[in-house]
Structures are given as structure tokens and as C-alpha cells.
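Encoded as C-alpha cells, the structure appears first; notes follow it.
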Amino acid sequence: MSSKSGIRALIGLITMVALATVSVIARAGGIAGTVTHPRGTENMVVFVTRAPGKFPPPIAHASMDQKKMRFTPFVLPIVMGTTVDFANHDSVAHNVFTPDGEAYNLGTWEPGGTKSHLFDTLGIYAQACSLHPEMEAYILVLQNPYFALVAANGSFTLPNMPDGNYEVQVWGKKVSSADKKKKFPLKLQGGTATLKITF
Ligand SMILES: [Cu+2]
């Protein structure tokens with residue numbers, strides 16, 4: 001290979017890398033949306049009902065803490081197969097159980113302790129503590145990673161996803177079961193879309 005053709009090949013490679021970078025930047029627009037709901041959007045989750053393909057769960061664990069006599073966060077969306085660590089940051093013992101799905105009870109443990117659970121079945125799991133009936137939280141085990149927590153002002157941003165036609169649902173404790181079943185079409189073209197959800 002002459003040094004000239006070597007340089008040409010190098011320039012070609014640099015151009016390809018540059019184009020790839022541009023396309024990533026263009027896709028970074030993602031899906032910006034808003035939700036309007038008469039009961040507000042606090043602790044609301046927007047998620048794609050089902051996306052084609054399989055989605056390996058993240059290696060990193062998700063966290064649901066027990067702190068100041070509350071579960072934190074109140075709602076935790078995860079991809080199926082994710083392990084959640086439940087850490088007790090209080091000065092009293094806590095318990096974690098759910099009546100939902102396989103109805104696990106992780107037991108009761110002392111301050112500073114942590115227990116983990118792998119969520120391998122889709123569904124909504126209410127989290128409760130048998131010692132403190134006022135404690136409550138929800139874990140949403142979803143089929144794909146295309147979900148977002150809705151901000152207090154109703155805005156959300158879904159992660160980048162392949163172009164296509166999707167259906168989006170909304171989950172919230174204050175959302176009626178009829179509204180939770182509603183599916184909103186999302187058409188994604190060129191990596192970007194806007195989605196306005198109004199109840
Ligand atoms: Cu407790």
C-alpha cells in the first residue's frame with residue numbers, strides 16, 4: 001500500500017467516524033413528551049408497552065431504599081431481569097414484602113442491612129413493610145428499557161430507540177385502571193418524535 005492510498009483510507013475512516021457521530025447526535029433528540037392528567041403527574045411513569053427484540057437487564061442493580069420511614073423512590077421502573085437492592089438506612093428494622101406476582105417476603109432486617117431481589121416476571125409490584133403499614137412503593141417490571149419518570153410539570157424524555165410504531169402507556173397510583181389501560185400511538189421517524197398525552 002502506497003502512503004497516498006494509506007492516507008486516503010485514513011481520511012475515509014475519519015469521515016465514516018464523523019458521519020457516525022453526526023447520526024448519534026441527530027438521534028439524541030429522542031422522544032420528548034408531555035402528560036396532562038387532572039390528578040397531576042407526580043410519580044407517573046410513561047413506558048412503551050412492548051418493543052421488538054430482547055432486552056438484557058443492566059448488570060448494575062437498581063435501588064429501593066428505606067429512609068426516614070419511607071420507601072425511596074416511591075416508584076421504580078426497571079427492565080425485566082433487573083436485581084433491586086433494598087437497603088435499610090433507618091435506625092429501626094424494616095421488612096419488605098409484596099402481595100403481587102410471586103408474592104415474595106424478603107424478611108425483616110436491621111439498620112444498615114441490604115437484601116436483594118431479582119425481578120424476572122413482568123408486572124406491577126406494590127412494596128410494603130409489615131412493621132410500618134404506612135410505608136408504600138411500587139416497582140414496575142417492564143419488557144423494554146423505553147420508559148421515563150414524568151416530571152412534576154408533566155414533561156418526560158424517553159431514551160433513544162429504533163424508528164418504528166409503538167404504543168405507550170402511563171402508570172400512576174392516582175391514575176384510574178381504565179386510564180392505565182389506554183394506549184397512545186408513538187410514531188418514531190429519524191430518531192425523534194414528540195408525544196402529547198392528554199387524559
Ligand atoms: Cu418499615
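Throughout, read-outs are computed from the coordinates displayed, never taken from laboratory work. Here the structure is a predicted model, which means the values were calculated and not measured. Ideal geometry is used to build each Cβ from the backbone, glycine not excepted, and the neighbour counts take in all protein chains shown.
Check 180, 196, 174 and return the single one that is part of a loop (DSSP other than H, G, I, E, B) and closer than 19 Å to residue 36 by Cα. Walk me through it before giving the result.
Details: 180 fails: part of a loop (DSSP other than H, G, I, E, B); 196 fails: part of a loop (DSSP other than H, G, I, E, B).
Every option except 174 fails the conditions.
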- Restricting the search to the range 110-134, which residues are free of Cβ contacts under 8 Å to residues at least 24 places away in the same chain and either surrounded by 13 or more Cβ atoms within 10 Å (Cβ to Cβ) or farther than 14 Å from residue 99 by Cβ (or both)? 110, 111, 123
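Output the residues belonging to the range 91-115 that are among the charged types (D, E, K, R), within 14 Å of the ligand (Cβ to nearest atom) and touching a strand residue (DSSP E or B) at 6+ places or on another chain (Cβ under 6 Å). Even if it seems obvious, please write down each step before you answer.
So the first thing to find is which residues in the range 91-115 are among the charged types (D, E, K, R), and the list is 100, 102, 110, 115.
Within this subset, residues satisfying the condition of being within 14 Å of the ligand (Cβ to nearest atom) are 110, 115.
Correct list: 115 only.
Please verify whether the range 66-87 includes one or more residues that are in contact with a Gly (Cβ under 6 Å, 6 or more places away or on another chain) and more than 12 Å from the ligand (Cβ to nearest atom). Quick ask: steps written out before the conclusion?
To start, the set of residues in the range 66-87 that are in contact with a Gly (Cβ under 6 Å, 6 or more places away or on another chain) comprises none.
No, the range 66-87 contains no residue that is in contact with a Gly (Cβ under 6 Å, 6 or more places away or on another chain) and more than 12 Å from the ligand (Cβ to nearest atom).
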- Message: With more than 16 Å from the ligand (Cβ to nearest atom) and free of Cβ contacts under 8 Å to residues at least 60 places away in the same chain as the only criterion, which of 174, 180 stands out?
- Response: 180
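Run down 160, 165 and say which single residue is assigned to a strand (DSSP E or B), touching a Lys or Arg at 6+ places or on another chain (Cβ under 7 Å), away from the ligand (no atom under 16 Å from the Cβ) and at negative phi.
165
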- Could you tell me whether residue 119 is within 12 Å of the ligand (Cβ to nearest atom) and either closer than 27 Å to residue 54 by Cβ or in contact with a Ser or Thr (Cβ under 7 Å, 6 or more places away or on another chain) (or both)? no
